[in-house]
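Engineer: Structure provided below as structure tokens; questions to follow.
The values are calculated or read from the model by the stated rules, or taken from the named source; none is laboratory data. Remember, it's a predicted structure, so these values are computed and weren't measured experimentally. Using ideal geometry, Cβ is built from the backbone for each residue, glycine included, and neighbour counts are taken over all protein chains shown. Areas reflect the complete protein model, heavy atoms only, side chains present, ligands, DNA and RNA absent. Shrake-Rupley method; radii C 1.70, N 1.55, O 1.52, S 1.80 Å.
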Amino acid sequence: MATEEEQNTLNEAYRVKAELIKTGLESVYALFFDNESLSKPQIAKLLGLSMPTVLAKTGKLENLGLIKKGKEQDSNGGRRAIGYELNSIARVAIGVEINAQKVRFCCVDLKGKSYERKSVELAFNDGYSYLDDFVKELKAFINSLKFDEDRILGIGISLQAVVANDGEQILYSKIMPLQNIIAKQLERLIGIKVRFSHDVECAALTELWHEKEVKDSIFVSISEHLGGCLISNHLIEHGLHGYAGALEHMELHENGVKCYCGKDGCVESYCSLNALLRGESDEDFFKKLKSGDDEAKSRYQVYLNDLARALYSVYLLLEREIIIGGDIADFITDEDVNYLEEKIIERSSFKVEKGFIHIASVRKDASVIGAALPYIANFVPDVIVPISI
């Protein structure tokens, strides 16, 4: 169990959130998430508060380190007012993504944006040596930030695995056998709250955080492996047992390539980046493709045809917009999206209008950012939280 000192560190951030609510500071604090700079007279006008009340509330927020003085604002003739800004790193959360050959770390600020990131080569194995090395690298990243521990809300770990809804343990993991690791085990080693999340859901959470208009969609994350999840009314839909949207294990080709799950012909075996790449990195492949390399063009054509076939089945069943995210979002083009839509429309027995496939708005480190977002969502004012965890 965590020591009393460690538990106090874990609870400090949430004590501050409770204080904001109790003292009525949340409404003032919330304004700074939607405005780059605000003067005290502007705050008074927006909220209908007296100047003495605004002075008291902004003073408390500044003392808590949640806002800070900014530049003087433009004057309309009188004395120029001081603008106040959100201190977006007053609290942060750490996102971690574990892959077969590397680990990504990311410090995420209160606006859900990457503040600092690092990638470390670390080949996965299921022995204690891996856990020791992982904790060492994680601690080194946290120490490099030079933040007091009470500023770190928690650590979210993105995994290629099905995770319990409370984020405490791993339910299913064929790619990397991680079932024996539980969140509490890491908390004891690090002294900071830890939760696990499914990597695809992490990427989808990042999209929902930054794109508030997304309602009903199919989110398809294509990275080293492929995965999907359903979004319904701006919420991730888990289904009866947490597998909703897992198109990666739909059969694409009968008696096809064997999947890591043990079955043949899964979408994963044809439409993941592992399936597309042949030993080269994604950067190297798409560089060859852009240069006009015939072999790369031929391989990508086959890949897009398989992806269109997979997406057609999902679209026909659910008829929702499709968002393509994951590492491939950094490389896929509008022309590729147009081609996928054309192939789906060709297959369809019904009239389908173009414009139903979109590339994710966050195209880099979406999964590692999303792992940290549940902690950010629990701290920021409730009125501005764009997702429900």
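Engineer: Which whole-number percent of Cα pairs in the chain have a distance greater than 34 Å? Don't skip to the end; give the middle numbers.
Structural biologist: Values: 27153 of 75466 pairs.
Distances greater than 34 Å cover 36 percent of the Cα pairs.
Engineer: A further question on this structure: Taking a temperature of 25 °C and a viscosity of 0.890 mPa s, what whole-number D in µm²/s does Stokes-Einstein yield for the range 172-294 with Rh from Kirkwood over alpha carbon pairs?
Structural biologist: It comes out at roughly 146 µm²/s.
Engineer: If you don't mind, another one. At 0.36 nm per residue, minus the direct Cα-Cα distance, what do ASP284 and HIS238 gain on full extension? Give it in nm, one decimal, please.
Structural biologist: Details: separation 46, 0.36 × 46 = 16.56 nm, distance 3.55 nm.
Stretched out fully, the ASP284 to HIS238 stretch lengthens by 13.0 nm.
Engineer: Still on this structure, I have one more. Quick one: pull the percentage of alpha-carbon pairs in the range 141-221 with a separation above 14 Å.
Structural biologist: Percentage above 14 Å: 68.
Engineer: Can you tell me how the range 278-389 classifies by the Cα gyration tensor, rounded, prolate or oblate, using a/c under 1.5 as the rounded cut?
Structural biologist: It is oblate, given that a/c is not under 1.5 and a/b is not larger than b/c.
Engineer: So how many Å³ per residue does the convex hull of the Cα atoms of the range 95-252 work out to?
Structural biologist: Here the figure is 121 Å³ per residue.
Engineer: Treating only the Cβ of Lys, Arg, Asp and Glu as charged (+1, +1, -1, -1), what charge dipole size does the range 58-146 show about its Cα centre? Round to the nearest 20 debye.
Structural biologist: On the way: 16 positive and 12 negative charges, 112 e Å.
Computed charge dipole of the range 58-146: roughly 540 debye.
Engineer: Kindly provide the trypsin sites (Lys or Arg not before Pro) of the range 42-103 that DSSP labels as loop, not H, G, I, E or B, and whose Cβ sees at most 11 other Cβ atoms within 10 Å.
Structural biologist: Of the trypsin sites (Lys or Arg not before Pro), the ones in loops of the range 42-103 whose Cβ has at most 11 other Cβ atoms within 10 Å are ARG79.
Engineer: Moving on. In the range 80-194, carbon and sulfur make up what percent of the accessible area (probe 1.4 Å)?
Structural biologist: About 45 percent, which is the carbon plus sulfur part of the accessible surface.
Engineer: What is the diffusion coefficient of the range 38-140 in µm²/s, taking the Kirkwood radius over Cα pairs and the Stokes-Einstein relation at 10 °C with a viscosity of 1.306 mPa s? Working shown, then result.
Structural biologist: Working: Rh = 17.1 Å.
My calculation gives 93 µm²/s for D.
Engineer: Per residue, what volume in Å³ does the Cα convex hull of the range 230-328 take up? Please report the intermediate quantities before stating the final value.
Structural biologist: Numbers: hull volume 12.6 nm³, N = 99.
Dividing the Cα hull volume of the range 230-328 by its residues yields 127 Å³.
Engineer: Give the residue list of trypsin sites (Lys or Arg not before Pro) in the range 267-323 that are DSSP loop and have at most 11 other beta-carbon atoms within 10 angstrom.
Structural biologist: ARG278
Engineer: Tell me the mean residue ellipticity at 222 nm calculated for the chain from its helices only (DSSP H runs of n ≥ 4, each -39500 (n - 2.57), averaged over every residue, nearest 500). Can you show the working numbers first?
Structural biologist: Working: 13 runs with 157 residues, N = 389.
Dividing the helical sum by the residues of the chain leaves -12500 deg cm²/dmol.
Engineer: On to the next question. Please work out the Cα center distance from the range 337-373 to the range 238-311, rounded to the nearest Å.
Structural biologist: A separation of 15 Å, based on Cα centres.
Engineer: If you find the alpha carbon centre of the range 175-228 and of the range 97-149, how far apart are they in angstrom?
Structural biologist: 14 Å
Engineer: With a point put 7 Å past each Cα toward its Cβ, work out how far ASP132 is from SER298 in nm, to one decimal.
Structural biologist: Using points 7 Å along Cα→Cβ, the separation is 4.9 nm.
Engineer: For the range 202-246, evaluate the Debye formula with one uniform point scatterer on each Cα (no solvent term) and list log10 I(q)/I(0) at q = 0.18 Å⁻¹, rounded to two decimals.
Structural biologist: With one equal scatterer per Cα and no solvent, log10 I(q)/I(0) is -0.49.
Engineer: As a test, work out the antiparallel percent of DSSP beta bridges whose residues both lie in the chain, rounded to the nearest 5.
Structural biologist: 65 percent
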